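Trainee: Shown below is the structure under consideration.
The values are calculated or read from the model by the stated rules, or taken from the named source; none is laboratory data. Everything quoted here is computed from the prediction, not taken from an experiment. All Cβ positions, glycine included, derive from the backbone under ideal geometry; neighbour counts span all protein chains shown. We work out accessible area using only protein heavy atoms, side chains counted, and drop any ligands, DNA or RNA first. Shrake-Rupley method; radii C 1.70, N 1.55, O 1.52, S 1.80 Å.
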Amino acid sequence: VMPPYYEACYNGPIHSYNSGNGEWMAAFDAPSAYLLVHLHHYPELSAQAAFDALHEELDRQALEVLAETSPARFVRVLDIGCGVGTSTFSTARSLEQLGRIGSITGVDLSDYFVTVAEHLKQVRAGEFNGTVSIDFMHGDGLDLAPCGFADGTLEMVTVSEVTHEMPKKVSEQLFREVARVLAPGGVLAYLDINQAQVLKDSSPGAIAERIATSNEPYFDQFLELDTAAAMRAAGLEVVKDTWPNHKKYATLESSSLRIMVARKNAALSLDTWTGRWALDRRENWLPWLQCLGVPESAHETATKAPDFHQYRVTEDGFYMDHQIPGQSLHLRFSSFIDGTWHESPYKKPTSTQFDEEQKAKIAENVTEWKHEWVAFPTCFESTTKEFPFPGKTFVLRRELIGLDTMKYSVKVTSEDGSLAVENSTAYYKKTSTEPPVSVAIELKERFATGISRSLEWRQEALSKILALAEENMDAISAAQAEDHVSPSAFMGAIMMMKSAVAFYKANLSSWAAAQAKDETLPPFLRTEGDWEVVPEPKGVGLVIAPWNAPVLLCLLPLMGMVAAGNLCVLKPSETAKATSRLIAKLITKYFPGREVLVAEGGPEVVVELINTPVDHILFTGGGSIAKKILALAAKHITPVSLELGGKNPCFVDASDAENLALYVAEIVGTKSYFGGQFCQAHDYCLVHEKVFDQFLELLEEKINALGPRRSCQMINAGHAQRIKAMLAGHEKIARPPLPEGEAEDKVPVTVLVCPDLNSELMKEEVFGPLLPIVKVASAAEAIDFVKGRPKPLVAYCYSQDEAAWAAFRDATSSGNLSINAGPQRMQSNLNVGFGGVGDSGFGYSIWGRAAFDDYSHHKAVFTGKKFAGSAWGAAPPPGKGGGKGKETEDAAKK
């Protein structure tokens, strides 16, 4: 059924054809007619090339706008009123040339035209590379649902020279249907006769004659159509209003065609902030300049100065790269949208820096600011105390007012609440959706300056790390408590850090010095010179910290990183949210020069950082994630250190009651203190059969004595559920019996007596307060048990038998072996590296000389006092002097 408005075009005389678009003659003549009618726009080109150039201009304008909101290569395009596909083919070519992939569908009400279009598709198939599929269908542009186009399913719609053949109301309805099928951010590419040029160059009589004799019955309504207003009414934002071939036509009014690009309003989101922004204009800027005391001679410069921003904004923070070339200003900083006061990177108002006298007059001040959402996610305010002068409060409001427009509003209040400045505004236009440079790239740029190579910088950085911990112990403890970290108190960790910093400082100069090495060549092959090994920093390190010790396992490796002269990115665990945010704030405060940076977020942040790439990675966590880290690092041949834990065995030998009690106190105390969430915790015990029953009885007594402390808080309910799943099916062998009504995020310290060795409990690291115990007949059986399983981070041997000590030392393999000692003793010697082996990891990332060496490249250097050639090059034969000359040749002949 033909819609009424189209009957005149389809059945009546139009374009000199007796039956309009409803006949074969019109369909077969259409391609050449379409091409010839536009030849005058590009007279230097052939008819086909001119038509393609026209549509290429339309498509380019539309795709530029589309790229701002939909940078993905794949696009779905609809060409409404495609006729015989001439415009469809041109758009497909444009998409291919611009590197896009996807599909384009031409829709037309003339079944004759669609049939010819399908024929031409086969004829012209060789012109396209196939990255954009082309289809045609019979359908009504005012009702696209029967054609299969649902709401919000298209990135682009083209309407080319259609509306001048429609009643005004039908054109308005068409724009509403276009808005329906466009996805948010999708664009309408519109081309039609330019009403302004027609009205300017045509008399009323000529227009009336055109309507009467050219069979364009709705042309008068088309001239009345306010196209831009109709698009806006349909929910489309007009982004471009232009014309083709600016070389030939100087103004819109001089061109017979008009190009418009309209975009479907997309919901503004956090992602809208991301990208590059450039100053468009400043309005009412004079009050702000007068408040600052900027001399009149500098007003114009300060008002018109180019200003460039880059943003990445999250729910609770933002990163900004700010450049004002006229001041040689370039700031990069991260800040937090959480209403808390913290140090501002701006020491002076930027507008005062255009006048030398004013620049010298206003002193730099350490100021504090805070940021709060006014309307999430489109508007937030930054409030700075005692700025720009004492007694003043500066408020800057940043607001998204469109997909590509941001508004800055400046307000300054005095102590009495009166307004010193109000409504000074600046507008910024988005120039790119490219996100700001990665923090790892920023650090690589900074490392290239050589800033971290000096011992003085390294010593100062170590002092900053210790100060960060000592001065914020309570805040760290509180954040860890909020995140359910066990233990949450940070005092013990600070004692460890104090010792580590003192050790680094005492030894750093000798570690970093070149180490002379002896020659090993026989004397008759030597040439005079010296060997040395020079430790040098690798560059930018990445520390990916776990949730069970979220601060300590950021800061301890960081010490090794900076001691070795590296800059560093810390990636705190996203599971410990409060702690992650606190680390980000403290690093910003204690490293204002941005030599150490924090990247918060989940796995996607890790992927981005590793792909930067960085120069060394430390990951502390589980084996499954470690494999993913290694796979990513392998793409860039990035060295990695892994701290992975594992199922740490503990052999309990036949011993007297006194020692058994000590063993039990250590094992149960460690389980309850950390909730078992500790990479060095005893995972399971191998107990000599002679003391098995006695040991079990002591374990039960010690656990019962814990009282309420038997119930251990897990990091979250999900981790608790994981451990309870291991426990399921083992309830009958639980000692003491399991309590009832345990909270969903808590697990009781529990012994599991002789569990199935093939159960998950005995295959996977427990990392919780469960303790499986297995009966063995001897130390030799225990050793065989340990050897038959993946290598653990720590193996414990609790025995009074020196033969058992030697056997565990010589016959088992583990990252570390603790004989008659608990985990704390294994963390007490800074001269000894701590790391895993096999499934428990590799590298020495925690502290001391081993960490320094892990994070350094040890460069071999030979300095010859005379040139030392090679046997195949300039070296003389043994016992001869000089280079490869006559003596060498004579020797070779002999």
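Trainee: Of the options 163, 834, 323, report the single residue whose Cα projects farthest towards the positive end of the charge dipole of the chain (beta-carbon charges: Lys, Arg +1; Asp, Glu -1).
Mentor: Sorting the options by dipole projection puts first 834.
Trainee: In 10 Å bins starting at 0, how do the alpha-carbon pair distances of the chain split up by percent?
Mentor: 2, 10, 14, 14, 14, 14, 13, 10, 6, 3, 1, 0
Trainee: Starting from the 7 Å offset along Cα-to-Cβ, what nm value, one decimal, do you get for the label separation of residue 233 and residue 868?
Mentor: 8.8 nm
Trainee: Could you give log10 I(q)/I(0) at q = 0.16, 0.18 Å⁻¹ for region 414-465, computed by the Debye formula over C-alpha point scatterers of equal weight, without solvent?
Mentor: The computed values of log10 I(q)/I(0) come out as -0.73, -0.75.
Trainee: Exposed loop chymotrypsin sites (Phe, Trp or Tyr not before Pro) only (DSSP loop, at most 15 other Cβ atoms within 10 Å): please give the longest stretch of the chain free of them, not including the sites.
Mentor: Value returned for the longest uninterrupted segment is 342-866.
Trainee: While we're looking at this one, here's another question. Report, in degrees rounded to the nearest 10, the 0 to 90 angle that the Cα long axis of helix 657-674 makes with the longest principal axis of the chain.
Mentor: On a 0 to 90 degree scale, this one is about 20.
Trainee: Next question. Normalised by the number of residues in the chain, what is the relative contact order in percent for Cα pairs under 8 Å and 6+ residues apart?
Mentor: Relative contact order comes out at 7 percent.
Trainee: Then there is this: Collect residues whose amide H, placed 1.01 Å from N in the peptide plane, falls under 5 Å from the amide H of residue 712; neighbours closer than 5 in sequence don't count.
Mentor: 747, 749
Trainee: In addition: Give the dimensionless ratio obtained when the Cα radius of gyration of region 543-582 is divided by 2.2 N^0.38 Å.
Mentor: 1.13
Trainee: Compute the orientation-averaged projected area for region 263-330 from the convex hull of its Cα atoms and round it to one decimal in nm².
Mentor: Seen from a random direction, the Cα hull of region 263-330 projects 6.5 nm² on average.
Trainee: Let me ask something else. Short version: ³J(HN,Hα) in whole Hz for each residue of region 236-247, in order, from phi by Karplus 6.51 cos²θ - 1.76 cosθ + 1.60 (θ = phi - 60°), x for Gly and Pro, what are they?
Mentor: So the Karplus estimates, Gly and Pro as x, are 10, 9, 6, 9, 9, 9, 8, 8, x, 6, 5, 5 Hz.
Trainee: Moving on. Using R₀ = 35 Å, calculate the FRET efficiency as 1/(1 + (r/R₀)^6) where r is the Cβ-Cβ separation of residue 491 and residue 455; round to 0.05.
Mentor: 0.70
Trainee: How long are the three semi-axes of the equivalent ellipsoid for region 783-863, computed from the Cα gyration tensor as the root of 5 times each eigenvalue, in whole Å, largest first?
Mentor: 28, 15, 12
Trainee: Compute the angle between helix 86-97 and the longest alpha-carbon principal axis of the chain, please, reported from 0 to 90 degrees and rounded to the nearest 10.
Mentor: Approximately 30 degrees, to the nearest 10.
Trainee: What's the percent breakdown of Cα-Cα distances in region 710-820 across 10 Å bins, shortest bin first?
Mentor: 13, 39, 31, 16, 2
Trainee: How much accessible area per residue does the chain have, counting only protein heavy atoms and a probe of 1.4 Å, in square angstrom?
Mentor: 44 Å²
Trainee: May I pose another question? Mind checking which of 466, 384, 481 is farthest towards the positive end of the chain's charge dipole, using Cβ charges of +1 (Lys, Arg) and -1 (Asp, Glu) about the Cα centre?
Mentor: Among 466, 384, 481, the one farthest towards the positive end of the dipole of the chain is 466.
Trainee: Scale the Cα Rg of region 635-692 by the rule-of-thumb value 2.2 N^0.38 Å and send over the ratio, two decimals.
Mentor: The value comes to 1.57.
Trainee: I would also like to ask the following. Which entries in the list 240/304; 240/407; 647/746 go over 23 Å, if you measure between the two C-alpha atoms of each?
Mentor: Pairs exceeding 23 Å: 240/304.
Trainee: Let me understand region 755-826 better: what is its radius of gyration from the alpha carbons, and its Dmax, in angstrom?
Mentor: 12.5, 33
Trainee: Sticking with this one: Calculate the all-directions average of the projected area of region 506-565's alpha-carbon convex hull, and give it in nm². Numbers along the way, then the final one.
Mentor: On the way: hull surface 25.9 nm².
For the Cα atoms of region 506-565, the hull's average projected area reads 6.5 nm².
Trainee: What FRET efficiency comes out for the pair residue 704/residue 607, r = Cβ-Cβ distance, R0 = 60 Å, nearest 0.05?
Mentor: Rounded to the nearest 0.05, the efficiency is 0.80.
Trainee: Would you please name the GluC sites (Glu not before Pro) within region 384-435 that are DSSP coil residues with at most 16 other C-beta atoms within 10 Å of their C-beta?
Mentor: Details: sites: 386, 399, 415, 422; in loops: 386, 415.
Here the GluC sites (Glu not before Pro) that fit, given the DSSP loop and packing criteria, are 386, 415.
Trainee: Rounded to a whole number, what % of the accessible area of the chain do carbon and sulfur atoms account for, probe 1.4 Å?
Mentor: Of all accessible area on the chain, carbon and sulfur atoms account for 53 percent.
Trainee: Evaluate the distance, in nm, between pseudo-label points positioned 7 Å from the Cα of residue 530 and of residue 742 along their respective Cα→Cβ axes.
Mentor: Rounded to a tenth, the inter-label distance reads 6.5 nm.
Trainee: Taking 0.36 nm per residue of separation and subtracting the Cα-Cα distance, what length does fully extending residue 315 through residue 201 add?
Mentor: Difference between extended and current length: 35.5 nm.
Trainee: I would also like to ask the following. Could you estimate the translational diffusion coefficient of region 29-176 from the Stokes-Einstein equation, with Rh from the Kirkwood formula over C-alpha pairs, at 37 °C and 0.692 mPa s, in whole µm²/s?
Mentor: Translational diffusion coefficient: 208 µm²/s.
Trainee: Let me ask you something else. Can you give the FRET efficiency for residue 103 and residue 330, using 1/(1 + (r/R0)^6), R0 = 35 Å, r = Cβ-Cβ distance, to the nearest 0.05?
Mentor: 0.20
Trainee: Another question about this same structure. Hey, can you grab everything whose amide H is under 5 Å from the amide H of residue 795? Only 5+ residues off in sequence or another chain; H modelled, so Pro and N-termini drop out.
Mentor: Correct list: 816, 817, 818.
Trainee: Just to confirm the number: angle between the C-alpha axis of helix 717-727 and the first principal axis of the chain, 0 to 90 degrees, nearest 10?
Mentor: 50 degrees
Trainee: So what are the ³J(HN,Hα) numbers for region 676-683, from phi and the Karplus equation (6.51, -1.76, 1.60; θ = phi - 60°), rounded to whole Hz, Gly and Pro as x?
Mentor: x, 8, 8, 5, 9, 5, 5, 8
Trainee: So, one more: Under 10 °C and 1.306 mPa s, how fast does region 123-248 diffuse according to Stokes-Einstein, given a Kirkwood radius computed over C-alpha pairs? Answer in µm²/s, whole number.
Mentor: On the way: Rh = 16.6 Å.
In µm²/s, the coefficient is 96.
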